[in-house]
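Written below as structure tokens is the structure these notes are about.
The values are calculated or read from the model by the stated rules, or taken from the named source; none is laboratory data. These figures come from a predicted structure and were not determined experimentally. Positions of Cβ are backbone-derived with ideal geometry, glycine not excepted, and every protein chain shown enters the neighbour counts. SASA here: full protein model, heavy atoms, side chains in, ligands and nucleic acids out. Shrake-Rupley method; radii C 1.70, N 1.55, O 1.52, S 1.80 Å.
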Amino acid sequence: MANVILKNLTKKFKEVVAVDDISIEIKDKEFAVLVGPSGCGKTTTLRAIAGLEEATTGEIYIGDRLVNDVQPKDRDIAMVFQNYALYPHMDVYNNMAFGLKLRKFPKKEIDQRVQEAAEILGIENLLKRKPKQLSGGQRQRVAVGRAIVRKPKVFLFDEPLSNLDAKLRVAMRAEISKLHRRLEATIIYVTHDQVEAMTMASRIFIMNDGRIQQLGAPLEVYKQPTNKFVAGFIGSPAMNFIDSKIVKENEDYFIDAESFKMKVPSAFYSKISDYVGKEVIFGVRPEDLHDKQFTSNATPSNTIKAKVDVVEPLGAEIIIYLACGKHSLISKVDTRTQAEVEQNIEIVINMEKTHIFDPETSLVIV
């Protein structure tokens with residue numbers, strides 16, 4: 001296996017900058033996930049690594065080898081696409097073996113590699129079937145198997161689970177994660193689904209507007225977002241953002257959102273002292289809004305009153321849409337909550353886990 005290094009990678013389509021001066025290193029045996037909304041440049045980055053798109057400027061290294069001018073077939077990578085890209089007239093065995101046959105591998109080695117991959121993926125009994133006889137999940141396993149038999153330095157996955165139903169996506173996420181551990185492979189995986197990114201990645205690379213907004217371990221990015229975009233993109237439901245102002249009363253600092261006023265934790269004071277009297281964006285995740293009845297840390301300075309607009313019971317949790325003055329909030333609360341639509345409810349905010357953002361730069365203040 002090998003690491004992948006991008007140095008000042010830029011890709012333009014005429015006047016449109018799809019990838020804007022990206023410099024990252026994906027480590028050997030790492031499961032790296034490029035995640036972001038449609039049009040952020042993640043797939044273009046993956047295709048540039050694969051050699052399917054030519055970099056406008058910058059350098060791409062696979063291992064110690066500069067591959068900008070190397071043909072895709074010679075880069076020692078294997079790619080798994082969203083649409084499986086199986087040959088309909090070939091059975092599973094020949095779909096998996098096709099690339100090896102083109103490279104003139106001995107028949108015995110081809111058979112050994114196909115059988116090994118089929119065993120890893122649990123598709124030994126499907127080798128004589130045609131793609132039309134397979135389910136979506138089985139087709140995806142065949143597409144992955146075709147990549148495995150290559151034994152490449154780097155696996156590239158381009159939104160491979162997008163065509164699967166929700167239950168099968170969850171199962172295949174686990175399968176690909178186990179596959180990564182078993183093969184000890186370098187994997188670069190592209191998705192727009194932040195749940196996939198959080199559950200599968202060793203490191204997440206969050207992209208927007210062709211740039212890397214933040215990179216890090218999933219929980220690190222979740223707990224310590226660098227800007228408003230990352231904070232809003234990672235987490236489901238998305239973080240609540242409230243236009244507010246920092247005020248100081250005596251020696252304490254408060255978030256003043258007009259509809260409510262919350263005392264800021266003392267650990268935040270040094271970072272927000274320069275923002276007294278200024279507009280800020282207050283961010284709080286739905287899971288940090290609690291029904292007062294079922295939390296023990298309620299105080300007058302962290303409790304708000306709100307009206308229930310919508311209740312969504314999801315079994316293991318309840319999502320509540322709230323109205324607090326001019327503000328709309330989403331809360332993920334304890335299943336014991338008996339909240340009903342139009343009811344007034346007291347909500348406790350875990351202020352220790354909140355964030356404050358600069359409205360001009362969108363960067364996190366604390």
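Residues that are open to solvent by 10 Å² or more (accessible area, probe 1.4 Å) and closer than 30 Å to VAL366 by Cβ, at least 1 per element: which helices (runs of 4 or more DSSP H) completely within the stretch 109-224 meet that?
The helices (runs of 4 or more DSSP H) meeting that bar are 194-200, 218-223.
Quickly run through the stretch 231-259 and pick out the residues that are crowded, with 18+ Cβ neighbours inside 10 Å, at pLDDT 95 or above and assigned to a loop (DSSP other than H, G, I, E, B).
Of everything in the stretch 231-259, those that are crowded, with 18+ Cβ neighbours inside 10 Å, at pLDDT 95 or above and assigned to a loop (DSSP other than H, G, I, E, B) turn out to be ILE234, MET239, ALA257.
Can you tell me which residues in the stretch 82-108 are open to solvent by less than 50 Å² (accessible area, probe 1.4 Å), assigned to a helix (DSSP H, G or I) and aliphatic (A, V, I, L, M)?
Result: VAL92, MET96, ALA97, LEU100.
From THR361, THR335, THR295, THR354, which residue is touching a strand residue (DSSP E or B) at 6+ places or on another chain (Cβ under 7 Å), of a type in the set (Val, Ile, Thr) and open to solvent by 60 Å² or more (accessible area, probe 1.4 Å)?
Sole residue among the options that is touching a strand residue (DSSP E or B) at 6+ places or on another chain (Cβ under 7 Å), of a type in the set (Val, Ile, Thr) and open to solvent by 60 Å² or more (accessible area, probe 1.4 Å): THR335.
Every residue, every condition in (1) on the phi < 0 side of the Ramachandran plot; (2) of a type in the set (Val, Ile, Thr), yes or no:
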position	(1), (2)
GLY235	no, no
ILE246	yes, yes
ASP252	yes, no
MET262	yes, no
PRO265	yes, no
VAL308	yes, yes
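Can you find a residue in the stretch 298-312 that is modelled with pLDDT under 95 and open to solvent by 60 Å² or more (accessible area, probe 1.4 Å)?
Checked the stretch 298-312: at least one residue is modelled with pLDDT under 95 and open to solvent by 60 Å² or more (accessible area, probe 1.4 Å).
Of all residues in the stretch 286-340, which are assigned to a strand (DSSP E or B), closer than 17 Å to ILE242 by Cβ and acidic (Asp, Glu)?
ASP309
Conditions (1) modelled with pLDDT under 95; (2) in contact with a helix residue (DSSP H, G or I) (Cβ under 8 Å, 6 or more places away or on another chain); (3) assigned to a strand (DSSP E or B); (4) open to solvent by 10 Å² or more (accessible area, probe 1.4 Å), marked per residue:
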site: VAL19; (1), (2), (3), (4): no, yes, yes, no
site: ILE22; (1), (2), (3), (4): no, yes, yes, no
site: ARG47; (1), (2), (3), (4): no, no, no, yes
site: LEU52; (1), (2), (3), (4): no, yes, no, yes
site: ILE60; (1), (2), (3), (4): no, yes, yes, no
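State yes or no: is VAL35 surrounded by 17 or more Cβ atoms within 10 Å (Cβ to Cβ) and without any contact (Cβ under 8 Å) to a residue 24 or more places away in the chain?
No, not satisfied.
Yes or no: the stretch 260-274 includes at least one residue that is touching a residue at least 24 places away in the same chain (Cβ under 8 Å), assigned to a strand (DSSP E or B), crowded, with 19+ Cβ neighbours inside 10 Å and among the β-branched types (Val, Ile, Thr).
For the stretch 260-274, residues touching a residue at least 24 places away in the same chain (Cβ under 8 Å), assigned to a strand (DSSP E or B), crowded, with 19+ Cβ neighbours inside 10 Å and among the β-branched types (Val, Ile, Thr): absent.
Is there any pair with a first residue in the stretch 183-203 that is hydrophobic (A, V, I, L, M, F, W, C) and a second that is in a loop (DSSP other than H, G, I, E, B) whose Cβ atoms are under 6 Å apart and which are 6 or more apart or on different chains, and what are they?
Close Cβ pairs satisfying both conditions: ALA185/MET1; VAL190/GLU159.
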